[in-house]
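The values are calculated or read from the model by the stated rules, or taken from the named source; none is laboratory data. Everything numeric here is computed off the predicted structure, so don't read it as measured data. Reconstructed Cβ throughout: ideal geometry from the backbone, glycine too, with neighbour counts over all protein chains shown.
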Amino acid sequence: MPAAGSGTGSGTETGTAEWYRHFGTVDAPGSSPCYADWSLHIADDPELIARIDQWPYNKRQPLLMLAAARLLGVRVSPYPEFRRFLDEHWAEVSRTVLSRATQTNEVGRCATLLPSLGAIAAAEGRPLALIEVGASAGLALFPDRYSYEFDDGVKVTRLGAGASGRLPKPPVLRCRTAGRVPLPDALPEVVWRAGIDLNPLDVRNPDDVAWLEALIWPEQEFRRERLRRAIAVAREHPPLLVAGDLNEQLLSLAGRAPADAALVVFHSAVMGYLSADGRARFRATMQGLAHDRGCHWLSNEGETVIIQADGSAVLPGMDASRIRGNFLLQHNGQRVAITGLHGQSLDWL
Ligand SMILES: C[S@@+](CC[C@H](N)C(=O)[O-])C[C@H]1O[C@@H](n2cnc3c(N)ncnc32)[C@H](O)[C@@H]1O
């Protein structure tokens, strides 16, 4: 089956119609009735499936095709109108699909990483140096510049730097919590930040920004709004983003991090893009960095690509259905929380 949040990468190959049906029944319904409806119709539309099957396997992902159509201007509409749009714009849809990738940069995920980052900074007693692998435009590299509201502000409301004055208004990242989440008293200090991506997106490039917006599901205006605000924050001081494979670039980038800061390497929704060998290699690199540099590792990934010490994705003693449609957050290989795909929930274990 496709990876959780399978508008993105896919763990193993699966039939295209099945992929769209899964997206339309599991991934999309809670977030986008329109995408759920279109995907289910596509799954039952053999002529369209045959056209999609002409693309390379990793280009057939539902979210990539739907985002391409959105970029080109398709409106939220009943399926026959959407289908007509595809027929009229198929060459452009194809071009967009073949030249782009699903690179959703979901800044909301910072809310689910924040307690772990705060705990690391507190335990280390020093500021953080952050490396995100699979960073897209690098928006998750600014957890210290955003505002957070946990549980509708009932438990905690925090305003990140930049909430006032001439600086851009930060996005407010809202998150429901369950369990004993160790919410930090203050935002952690970040002294250095950098990312790696096969294709870094540039917050100053209007085409890249348009693509980031198109990747957000149609009905989720609140996500588009916080994306725009996060982009405005990132544009103030665009992050260092290295182009390349995370397995090739990580060690040399880690060597550039300031030695007196606590180094944290993190990733969300990335491991599904790697082969099993690629994931094993990454794990070995992280073990080396932990040993040589005391580096912390935060992994926020879906059920099919969670890497265990034995290389398996099986979590002993945990009901797999708790993770389905969510991510598992792990700190140095230890499970920490179940998190919403877009950072909307944090269920502490
Ligand atoms: C779904 S996006 C997630 C972006 C970001 N982590 C977030 O949570 O908002 C996955 C990103 O991983 C990148 N990626 C996939 N495979 C990679 C690899 N082998 N090395 C570096 N980046 C990779 C993609 O280009 C894409 O930008």
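A few comments on the model shown:
- Subset of the stretch 65-112 [in a helix (DSSP H, G or I) and among the small types (Gly, Ala, Ser)]: ALA67, ALA68, ALA69, ALA91, SER94, SER99, ALA111
- Residue in the stretch 336-343 that is modelled with pLDDT of 90 or more, among the polar types (S, T, N, Q) and more than 13 Å from SER116 (Cα to Cα) present: no
- Restricting attention to the stretch 119-144, the residues that are closer than 20 Å to ARG176 by Cα and either buried (at least 21 other Cβ atoms within 10 Å of the Cβ) or modelled with pLDDT under 95 (or both) add up to 3.
- Single residue of the stretch 193-208 satisfying the filter (among the charged types (D, E, K, R) and part of a loop (DSSP other than H, G, I, E, B)) that is nearest to the ligand (Cβ to nearest atom): ASP202
- Of all residue pairs spaced 6 or more apart or on separate chains, those with beta-carbon atoms under 9 Å, a first member in the stretch 110-125 that is under 18 Å from GLY333 (Cβ atoms) and a second member that is of a type in the set (A, V, I, L, M) and part of a helix (DSSP H, G or I) are LEU113/ALA140.
A quick yes/no check of all residues on (1) in contact with a Cys (Cβ under 8 Å, 6 or more places away or on another chain); (2) on the phi < 0 side of the Ramachandran plot; (3) away from the ligand (no atom under 13 Å from the Cβ); (4) not assigned by TED's automatic domain parsing to the domain that holds VAL265:
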residue: GLU92; (1), (2), (3), (4): no, yes, yes, yes
residue: PRO115; (1), (2), (3), (4): no, yes, yes, no
residue: GLU132; (1), (2), (3), (4): no, yes, no, no
residue: ALA135; (1), (2), (3), (4): no, yes, no, no
residue: ALA140; (1), (2), (3), (4): yes, yes, no, no
residue: SER147; (1), (2), (3), (4): no, yes, yes, no
